[in-house]
Amino acid sequence: MPATTTNENQLLSKDPPDIENLLFLNPRTKQFANSRPSIQTVQDKKHWKRNDEHTCASGCTKNLNRNFLDVKHTTYSERGALREASRCLKCADAPCQKSCPTSIDIKSFITSIANKNYYGAAKAILSDNPLGLTCGMVCPTSDLCVGGCNLYASEEGPINIGGLQQFAVEIFKAMHIPAIRDPSCNGEKLNEKYSSQIALIGCGPASISCATFLARLGYTNLTIYEKQDYLGGLSSAEIPQYRLPFDTVNFEVELMKDLGVKIVSNQPLSTEPNGLTVEKLRNEFGCKAIFSARANSRP
């Protein structure tokens, strides 16, 4: 049988001749770490900021260049919420509550949802966590309360606690019921220290939660100083609106303001002559306590 001759120009593969160039474009495992200037990282992160330096005040979306609307609402319908709430085992020693950093009585508000008592469910949530709606939307529940659910290994999976929490608080939000202080916490029955001036620096989640709890205890002179013209701190500046809409943050701020908390915008801490300093808060404003919750978006 005669030997076959191989043509040097004959293609022995279906791959095109420029396969090396194509493979060069594909990502490959790097054998070393890249060095990147910190200033470049900050600039790249700033490019994707939602509010900062884009002339967007609270609730404004007209001039917002990077506006990610909540185009797909993910909360439960009433029928879906009732079905999910009915699956709850109502454990006596509930591991979900122990896994929650805010210690919300989870089985209590889920039972209220199952009984169609949505106001009672929202009351149980907001009593323990003034940021109940925000946490229902963005809290990593799979690593916390949902991860501790006793139904985690079941066929239908664990209870969607975050979804039920968001459902209950959104129904309460639609009721437009203002927050009120306990009638027993009035100025006549409390010590004069409850009328002392208290300042909170920054109107982010920490200050909103702190001011709400202090106002519930009966403190009447609470003032939050915010350097931006919008409220909510990193909840408004960093989290996209499809995860956390503006009206959610404003709803929790309004509940806080219903308790008498005052907010001063465009007032940052500064050492300038007309700036706000800790010494000025103590000496001129007469603040007996100062809560600092200044956020830092940089790592």
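The values are calculated or read from the model by the stated rules, or taken from the named source; none is laboratory data. Quick caveat, the model's predicted, so the values are computed rather than measured. Please note: Cβ atoms are built from the backbone with ideal geometry, for glycine as well, and neighbour counts cover all protein chains shown.
Please identify the pairs in which a residue from region 141-164 that is assigned by TED's automatic domain parsing to the domain that holds P95 has its Cβ atom under 6 Å from the Cβ atom of a residue that is in a loop (DSSP other than H, G, I, E, B) and among the β-branched types (V, I, T), counting only partners at least 6 apart or on another chain.
C149/I159
Among the residues of region 201-221, are any modelled with pLDDT of 90 or more and over 30 Å from M175 (Cβ atoms)?
So far as region 201-221 goes, yes, one or more of its residues are modelled with pLDDT of 90 or more and over 30 Å from M175 (Cβ atoms).
Failed condition for D143, given (1) under 26 Å from G260 (Cβ atoms); (2) surrounded by fewer than 13 Cβ atoms within 10 Å (Cβ to Cβ), with all others met?
Going through the list (1) under 26 Å from G260 (Cβ atoms); (2) surrounded by fewer than 13 Cβ atoms within 10 Å (Cβ to Cβ), D143 breaks only (1).
Yes/no matrix, rows are residues, columns are (1) hydroxyl-bearing (S, T, Y); (2) farther than 16 Å from A289 by Cα; (3) assigned to a loop (DSSP other than H, G, I, E, B):
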{"position": "I159", "(1), (2), (3)": "no, yes, yes"}
{"position": "G162", "(1), (2), (3)": "no, yes, no"}
{"position": "I177", "(1), (2), (3)": "no, yes, yes"}
{"position": "D182", "(1), (2), (3)": "no, yes, yes"}
{"position": "K193", "(1), (2), (3)": "no, no, no"}
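Of everything in region 208-253 that's free of Cβ contacts under 8 Å to residues at least 40 places away in the same chain and outside any loop (DSSP other than H, G, I, E, B), which residue is surrounded by the most Cβ atoms within 10 Å (Cβ to Cβ)?
L214
Only residues that are among the charged types (D, E, K, R) and assigned to a loop (DSSP other than H, G, I, E, B): list them for region 135-157, please.
E155, E156
Checking the structure you have, find out if any residue of region 143-151 is at pLDDT 90 or above and touching a strand residue (DSSP E or B) at 6+ places or on another chain (Cβ under 8 Å).
Looking through region 143-151, none of the residues is at pLDDT 90 or above and touching a strand residue (DSSP E or B) at 6+ places or on another chain (Cβ under 8 Å).
From (1) within 18 Å of the chain's Cα centre (by Cα); (2) surrounded by 19 or more Cβ atoms within 10 Å (Cβ to Cβ); (3) not β-branched (V, I, T), pick out the condition that doesn't hold for L200.
Just one mismatch for L200, condition (1).
When you look at S270, is it surrounded by fewer than 13 Cβ atoms within 10 Å (Cβ to Cβ), closer than 15 Å to S209 by Cβ and not basic (K, R), yes or no?
no
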